[in-house]
């Protein structure tokens, strides 16, 4: 579904990604783990066009998407939940969700998706007229995911959904991610620091260090890999 | 704080004010006799005045600190007006009657002044799209106003194009300039954008002033036609009629603008502007085209400036570059900021304040900038959100509803 071939991305003079190649098949949950500053977020931003790569190819469903506007990439069915939630604090929950459906014109479809999202996260339905900034951290993360879902993506890019949340909420969000993957057949590319949890739900995983992919395998395999255990699971 | 502390602070403040106002209030130089008069009495007056003002202000604040959560009387009445449909409907009725009958009750002079105020209402609402909604600080807004005015003046001068044809044309030309300026400039943010737009405003004015062959330089363009009334030229002699007509015309534009901006505010693009102001990266991740959204705001703002420009040229029948200085941009921006960014009633009130007060206190014209500056400082300290702040959504918490 998505293929990265030798992608390199720079911030000014600083190289963040060095020849990153990875493959995501349809219907998979793929996770990318790594230390701070390894380039995980940059990988996602390169895919969604927020920091266009300097060289290499990104191919989504046989169409090259590197160098395209973020707008066009969203239109093709790739939604990005940015790191740190980044909801719109002064817009209400409902307006936030409507922003997610910015490129869509089908009112009935939007209404249906709104209902679906409210079923996934009933708390958002209760808070729908509340300003986004007044939500708790967990609710904001739910809103951020829901907002991305409103674009009806086929590939969902999730950047650290567990950031700063209580363990119970993290569990809830992860179970929803699995549910989305199973029920809607949404392909999910998950970037995480919480390696333990991420590897448990992932079909396959990549490990990133200093802008390189250093290890790959099934989630289960990596969980029992000694190097991963030592570096990321603290065992 | 104890009263003693209040007194000490107030003394400090009065000394500071005596020092500040020293050159203005105490020293008096008579340039004819080369004498200097020292008006020490003024200094004492200033000292005593500020002391008491500061003391009572402090006492007053001290008293209100305790019951901060209770809404003040003014807020209560405002809320009451907002929520009660009868009162707001009655007020609206009175307002409509008043504005409609205004030219027949008041003199031609008053009507003319009021028309100017209404023009600034439209300009303020136009800039409000750019500054208040999209959050792009535009210090060269007057350039688009000038573009509109000169479009009509030149079209009328060379080709005899009438007002009604020029109105949409002027708006279009201004919008075009808005896009032209916007494409390179909107990559910048915040302060940088402000400086570049400021430069653009000055460039337009300098071109108008110095390119004599095309724009007639500082002597301007005169004998611009007044608007026709459904194809009938209003005779030049009946200037009072023309002024009345102009008044209704501008009033119509104000109503149209209020309607349009209100719709815009609650539309998807309006929300996209607010969202873009809050978080650009999140917006891009949502598929909102940053550039196009900002350009729309810029072009729409320019469109309104262009329309008012055409009306301005038709109203005064004479324009020259002196009407489009940076001061004009500053006043329009002040209208938006003073009135309340993003708030339609706020901008309307702000326009009336900033246009009518200087007009009616013309005798105190020397102190205008002094009062202007002081009121700006006071506003920013005590009411930074503007006279009527922008309320987006009201959230009423219902305690009966169970939490979670």
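Structure above, values below:
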read-out	value
Surface/4 estimate of mean projected area, convex hull on alpha-carbon atoms of the range B:252-298, nm²	3.3 nm²
Gyration tensor over alpha-carbon atoms, the protein assembly as shown, equivalent ellipsoid semi-axes in Å	54, 33, 26
Volume of the Cα convex hull of the range B:108-382, divided per residue and given in Å³	135 Å³
Helical contribution to [θ] at 222 nm, DSSP H n ≥ 4, -39,500 (n - 2.57), averaged over chain B, rounded to 500	-23500 deg cm²/dmol
Ratio Rg/Rh, restricted to the range B:3-65 and using Cα atoms, in which Rh is the Kirkwood radius	1.19
Residue of B:60, B:312, B:104 that the Gaussian network model of chain B assigns the largest fluctuation, springs spanning Cα pairs under 10 Å	B:60
Beta bridges per DSSP with both ends in the range A:137-235, % antiparallel, nearest 5	55 percent
Residue-averaged [θ]222 nm for chain A, counting only DSSP H segments that reach four residues, each worth -39500 (n - 2.57)	-10500 deg cm²/dmol
Alpha-carbon Rg with Dmax, taken over the range A:26-99, Å	14.1, 40
Rounded to 10°, Cα long-axis angle of helix A:137-149 versus longest principal axis of chain A	90 degrees
Relative contact order (%) - chain B, alpha-carbon pairs under 8 angstrom, separation at least six	23 percent
Peptides A:32-42, B:105-115 ordered by average Cβ neighbours within 10 Å, highest first	A:32-42, B:105-115
Distance in nm between pseudo-label sites at residue B:292 and residue B:20 (7 Å out along the Cβ direction from Cα)	5.0 nm
Equivalent ellipsoid semi-axes, chain A, via Cα gyration tensor eigenvalues times 5, rooted, Å	28, 21, 16
Most mobile listed residue (A:97, A:143, A:197) in chain A, GNM with C-alpha springs under 10 Å	A:197
The range B:119-184, relative contact order [Cα under 8 Å, separation at least 6], %	27 percent
Taking the range B:3-65 and dividing mean pair separation by its residue count, relative contact order in percent (alpha carbons under 8 Å, at least six apart)	40 percent
Net lengthening on full extension, residue B:367/residue B:90 (0.36 nm per residue, minus Cα-Cα)	95.9 nm
Inter-probe distance in nm under a simple model that places probes 7 Å from Cα toward Cβ, at residue B:37 and residue A:220	10.0 nm
Inter-chain Cβ neighbour average for residues A:77-85, partner chain, 10 Å	3
Cα-based helix-to-principal-axis angle, A:107-120 vs chain A, degrees rounded to 10	70 degrees
Virtual spin-label span in nm between residue B:252 and residue B:376, 7 Å along Cα→Cβ	3.6 nm
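No lab work stands behind these numbers, since they all come straight from the coordinates. Worth saying up front: this structure is predicted, and the values here are computed from it rather than measured. Cβ: placed from backbone, ideal geometry, glycine included. Neighbour counts: every protein chain shown.
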